[in-house]
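S.K.: Can you read through this structure? Questions will come right after.
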Amino acid sequence: MERAIVMAASAIGAGLAMIAGIGPGIGQGFAAGKGAEAVGRQPEAKGDITTTMLLGCAVAESTGIYGLVVALILLFANPFIGQL
């Protein structure tokens with residue numbers, strides 16, 4: 001019975017961890033849109049704008065990857081099962 005509760009709570013926790021993927025998706029879309037606007041306004045600064053935008057997207061993407069790693073650990077390498 002206890003094992004089933006831990007597994008159910010871990011599945012819910014994994015689902016909540018995947019909500020972390022929403023933020024980076026919105027942020028990257030916003031950054032890409034603003035980057036395109038900036039290149040449209042100042043085409044000569046395209047290299048600097050693109051570099052800064054890609055660096056920001058990489059940092060934002062790491063948040064989503066951390067959420068995925070937490071979800072995979074909770075589902076497949078559950079550390080809480082050993083606590084029972």
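The values are calculated or read from the model by the stated rules, or taken from the named source; none is laboratory data. None of the values given here were measured: they were computed from a predicted structure. So basically every Cβ, Gly included, is an ideal-geometry build from the backbone, and we count neighbours across all protein chains shown.
S.K.: Among (1) surrounded by 12 or more Cβ atoms within 10 Å (Cβ to Cβ); (2) more than 20 Å from Pro79 (Cβ to Cβ), there is one condition Glu37 misses while meeting the rest; what is its number?
M.R.: (1)
S.K.: Is there any pair with a first residue in region 41-66 that is without any contact (Cβ under 8 Å) to a residue 24 or more places away in the chain and a second that is among the small types (Gly, Ala, Ser) whose Cβ atoms are under 7 Å apart and which are 6 or more apart or on different chains, and what are they?
M.R.: Ile49/Gly35; Ile49/Ala38; Thr50/Gly35; Met53/Ala31; Met53/Ala32; Met53/Gly35
S.K.: Among Ile22, Ile73, Ile81, which is modelled with pLDDT under 90 and more than 11 Å from the chain's Cα centre (by Cα)?
M.R.: The conditions single out Ile81.
S.K.: Further, regarding this structure: Could you list all residues from region 4-17 that are under 15 Å from the mean Cα position of the chain (by Cα) and surrounded by fewer than 15 Cβ atoms within 10 Å (Cβ to Cβ)?
M.R.: Hits for region 4-17 are Gly15, Leu16.
Every residue, every condition in (1) surrounded by 12 or more Cβ atoms within 10 Å (Cβ to Cβ); (2) in contact with a Leu (Cβ under 9 Å, 6 or more places away or on another chain); (3) small (Gly, Ala, Ser); (4) at positive phi, yes or no:
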site	(1), (2), (3), (4)
Glu2	no, yes, no, no
Glu44	no, no, no, no
Gly47	no, no, yes, no
Thr51	no, no, no, no
Ala58	no, no, yes, no
Glu61	yes, no, no, no
